[in-house]
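Here is the structure we will look at.
The values are calculated or read from the model by the stated rules, or taken from the named source; none is laboratory data. For clarity, every value in this text was computed on a predicted model and none was experimentally measured. Don't worry about glycine lacking a Cβ; one is built from the backbone with ideal geometry, like all the others, and counts go over all protein chains shown. The area values use the complete protein model at the heavy-atom level, side chains included, leaving out ligands, DNA and RNA. Shrake-Rupley method; radii C 1.70, N 1.55, O 1.52, S 1.80 Å.
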Amino acid sequence: MKLTYYRGAVPNFGDELNTYVWPALLPRHFLDDDEGELFVGIGSIIGDQLPARARKIVVGSGYAGYMGQPDLGDGTWDVRFVRGPLTAERFGLPSEKAISDSAVLLRAMDLPPPAQDVGIAFMPHFESLERGSWAEACKAAGLRLIDATAPVETVIAELKGARVLITEAMHGAIVADALRTPWIAVKPIFRGHHLKWQDWSRALGIDLRMHQLWPTSLLELHIGMTGRGGSRGRVGRFNRHPLAKLPNRALTHFAAQRLRELSRQEPQLSADSRIIDVTDRALAEVSALVSEIGATRVAG
């Protein structure tokens, strides 16, 4: 059974959690390179991009509309649980399948100790690191930047050590919530990332408050206004032009002011009872899957 997750040009914390969580929780040799059977774990990866003929076992994944909508009733999908009720409703799954994002299973693992002197931190979406100037904005605002492209253990330690996390990255909030670090959600500059936040937060009974984030560059301003565009497009190329330096500097200054304002907002956390419940339910589903697959392999 092959571990399946999104792999981009640069590592992204939410996706790379798959390489950290599943080898720790699943038995040795449970995962292999057999592409005929796929383990679909953490991330918004339910979609028609997955091989049609492969057996696909879904363990806490979600649907965000990035890919086309597959037919989960075609006989190749084995859905143990999904990230939240929006994913369940999209595919007509029973409500009890909407447990949580499986990154919550970090609560069942031995984790690195908290990083020291983190204070209030900001975690941009990994795409924003390329498109904007968030290191400069965080420095001006007096906040710690948490880099979503850094090694998973580094990010976990920083999230554990943060007093409060402001986050544009959804898995920043998911992991902070699991580790009981208070968090403040901001709307991702690219609006295509908004829906999945509602999916996860509703699974945990969170009345989500998403605050506005101000862009640090002309490229981010363009993406926020239009919902499209990237570093390789015309605006992206101009973003690196000498003429863009002055407006980008001004945008970064105002974005830093906004980060300071956000740091004074009231943070959120799911209820202790709810996070314990979804962790137990997710663990039970993983345990049942391991038992069933083990029995099948022995019988085979």
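Of all the criteria given as (1) of a type outside the set (Val, Ile, Thr); (2) within 24 Å of Trp22 (Cβ to Cβ); (3) touching a residue at least 12 places away in the same chain (Cβ under 8 Å), the one not satisfied by Ala88 is (3).
Which one is nearest to the chain's Cα centre (by Cα), of the residues in the range 171-196 that are open to solvent by 10 Å² or more (accessible area, probe 1.4 Å) and closer than 23 Å to Ala256 by Cβ? Taking the candidates together, the pick is His193.
I'd like to know if the range 101-110 contains one or more residues that are touching a residue at least 24 places away in the same chain (Cβ under 8 Å) and farther than 30 Å from Glu153 by Cβ. No - not one qualifying residue is present in the range 101-110. Asp199 meets all of the listed conditions (1) part of a helix (DSSP H, G or I); (2) surrounded by fewer than 20 Cβ atoms within 10 Å (Cβ to Cβ); (3) of a type in the set (D, E, K, R) but one, namely (2).
Listed by first and then second residue, the pairs with beta-carbon distance under 8 Å, at least 6 apart or on different chains, first residue in the range 281-292 and within 15 Å of Arg107 (Cβ to Cβ), second assigned to a helix (DSSP H, G or I) and of a type in the set (Val, Ile, Thr), are Ala282/Val104. The residues of the range 177-196 that are in a loop (DSSP other than H, G, I, E, B) and among the aliphatic types (A, V, I, L, M), listed by number, are Leu179, Ile189.
Yes or no, residue by residue, for (1) modelled with pLDDT of 75 or more; (2) in a helix (DSSP H, G or I); (3) over 23 Å from Trp200 (Cβ atoms); (4) not basic (Lys, Arg):
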| position | (1), (2), (3), (4) |
| --- | --- |
| Arg232 | no, no, yes, no |
| Leu251 | yes, yes, yes, yes |
| Glu261 | yes, yes, yes, yes |
| Glu285 | yes, yes, no, yes |
| Leu289 | yes, yes, no, yes |
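Can you name the residue in the range 57-71 that is touching a residue at least 24 places away in the same chain (Cβ under 8 Å) and either touching a Leu at 6+ places or on another chain (Cβ under 6 Å) or part of a loop (DSSP other than H, G, I, E, B) (or both) and, of all such residues, is surrounded by the fewest Cβ atoms within 10 Å (Cβ to Cβ)? Per the stated criteria, the residue is Gly65. From the list Ser102, Ser128, the lone residue that is at pLDDT 95 or above and not hydrophobic (A, V, I, L, M, F, W, C) is Ser102.
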